[in-house]
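Below: the structure, in structure tokens.
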Amino acid sequence: MNLLRFFRSGSAPVARERLQILLAHERRAGNQPDLLAILREEILAVIGRHVTFEPDKVQIKLDRGKSVSTLAVDIEIPNNRTAGALAA
Amino acid sequence: MSQVLVVTSGKGGVGKTTSTAALGAALAHDGAKVVVIDFDVGLRNLDLVLGAERRVVFDLINVINGVAKLPQALIRDKRLENLHLLPASQTRDKDALTQDGVEKVIAELREKFDWIICDSPAGIERGATLAMRYADAAIVVTNPEVSSVRDSDRIIGILDAKTARAERGERVDKHLLITRYNATAAARGEMLTIDDVLEILSCPLLGIVPESKEVLRASNVGTPVTLNNPQSAPARAYFDAARRLKGEQIPMLVQGTTASIFTKLFARKAA
């Protein structure tokens, strides 16, 4: 890319490089919240069928690593309600 | 089979309305029944570019509200009897544009026209999302310039997520129309090249419209550039793009450059 810039004296190669970096970032950022929202909704719906919990005591975190990403779901469930649900 | 197209871009001022008028006129010129719809509620301009500004009586919002019937609001072009305009209203109340209303109007137009071309407002708000909502295919108008390319990328993402087709799990075909292209500046490295834009947006190319005084000249007199000066470089580019929309295979040329004149000569000999 730098070699190309060396031969083409204009500013267009700079524009191209800036756009490629920016859009790679924005496309990822644009997709992430949607995916998390969908995952959150569907996971909570499944768990909600069996146990009762407070929707605001739920934490969902997506960590993107280089080769692996981790999804952490942390749901606080009151003990008495869990016992009831599991016994039923 | 009718086709619903949306002409969209995200960024304003890149040539959506010019392209809607030029492509609509090119398709109607070849015999198809065409209606162009202005979705820019409050800031309508398609009427002006088509030279029909003094003939607007009823508009899209009137039809949606039931104040007027669809045939009453349609304006037939004075030069091409196959070309019709459904104007936007000048009301500032954008909520007047409803999803159900737009769906009904498009369904009714599908019965009467071969091509329904929706001219989207700039931005990604209600007007823009409703303009693309019922489209079968999209024409993404892009200038070879950083902010336009970025906004086109955004719009392509929205086309894949928020249209009725996308929600049904179907595809909205996307066509890139590069406008205001300056081949000389691109060759000097002063402007993004066609290849640069295609590589960044990875979307099939519908046409390359060169920067030209003819576009301004046509809008000054209220005639689509394809009718005002059909032999001009931008008009030829729009005619080619219209034929590609119909599925014809046409070599991609930058009209108005020396190379294209040579290629044209050889193409004519071969034909």
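Quick notes on this structure:
- Pairs of alpha carbons in region B:175-246 whose separation is greater than 19 Å (percent): 39
- Lysines whose Cα lies under 23 Å from that of residue B:174, excluding same-chain neighbours fewer than 8 positions away: B:11, B:16, B:33, B:162, B:246
- Calculated [θ] (222 nm, deg cm²/dmol) that DSSP helices of n ≥ 4 give over chain B, each run adding -39,500 (n - 2.57): -12500 deg cm²/dmol
- As a length-normalised measure over Cα pairs under 8 Å and 6 or more apart, the relative contact order of region B:2-130 settles at 42 percent.
- Cα gyration tensor, region B:1-141 - rounded (a/c under 1.5), prolate or oblate: rounded
- Remark: relative contact order (region B:179-228) = 38 percent; criterion is Cα-Cα distance under 8 angstrom and separation of 6 or more residues.
- The packing ranking, built from the mean of other Cβ atoms within 10 Å per residue, places the peptides B:245-254, A:10-19, B:14-23 in the order B:14-23, A:10-19, B:245-254, highest first.
- Efficiency of FRET between residue B:54 and residue B:185 - r from beta-carbon atoms, R0 41 angstrom, step 0.05: 0.60
- Between residue B:171 and residue B:252, the FRET efficiency estimated from the beta carbon spacing at R0 = 22 angstrom works out to 0.45.
- Rounded accessible area of residue B:106 (nearest 10 Å², 1.4 Å probe): 10
- Peptide B:195-207, shielding by other chains (average Cβ, 10 Å cutoff): 2
- Taking θ as phi - 60° and the Karplus parameters 6.51, -1.76 and 1.60, the scalar couplings of region B:23-34 work out to 6, x, 5, 5, 5, 5, 4, 7, x, 6, 8, 10 Hz in sequence order, x denoting glycine and proline.
- Computed over chain B, relative contact order equals 24 percent, with contacts defined as Cα pairs under 8 Å that lie 6+ residues apart.
- Förster-model FRET efficiency, 45 Å R0, residue B:93 and residue A:35, C-beta, rounded to 0.05: 0.80
- As a ratio to 2.2 N^0.38 Å, the alpha-carbon radius of gyration for chain B is 0.96.
- For the protein assembly as shown, taking the reciprocal of the average inverse distance between every pair of different Cα atoms yields a Kirkwood hydrodynamic radius of 22.8 Å.
- Chain B: antiparallel DSSP beta bridges as a percent of all, rounded to 5: 5
- Packing around the peptides B:207-219, B:139-151, A:56-68, taken as the average count of other Cβ atoms within 10 Å per residue, puts them in this order, highest first: B:139-151, B:207-219, A:56-68.
- Residue by residue along B:185-192, Cβ atoms of other protein chains within 10 Å of the local Cβ number 5 on average.
- Spin-label model distance (nm) - residue B:161 vs residue A:58, 7 Å beyond Cα toward Cβ: 2.0
The values are calculated or read from the model by the stated rules, or taken from the named source; none is laboratory data. Remember, predicted model here, so these are calculated numbers, not experimental data. In this analysis, Cβ positions are derived from the backbone assuming ideal geometry, glycine residues included, and neighbour counts consider all displayed protein chains. Calculation scope for accessible area: heavy atoms of the full protein, side chains included, ligands and nucleic acids excluded. Shrake-Rupley method; radii C 1.70, N 1.55, O 1.52, S 1.80 Å.
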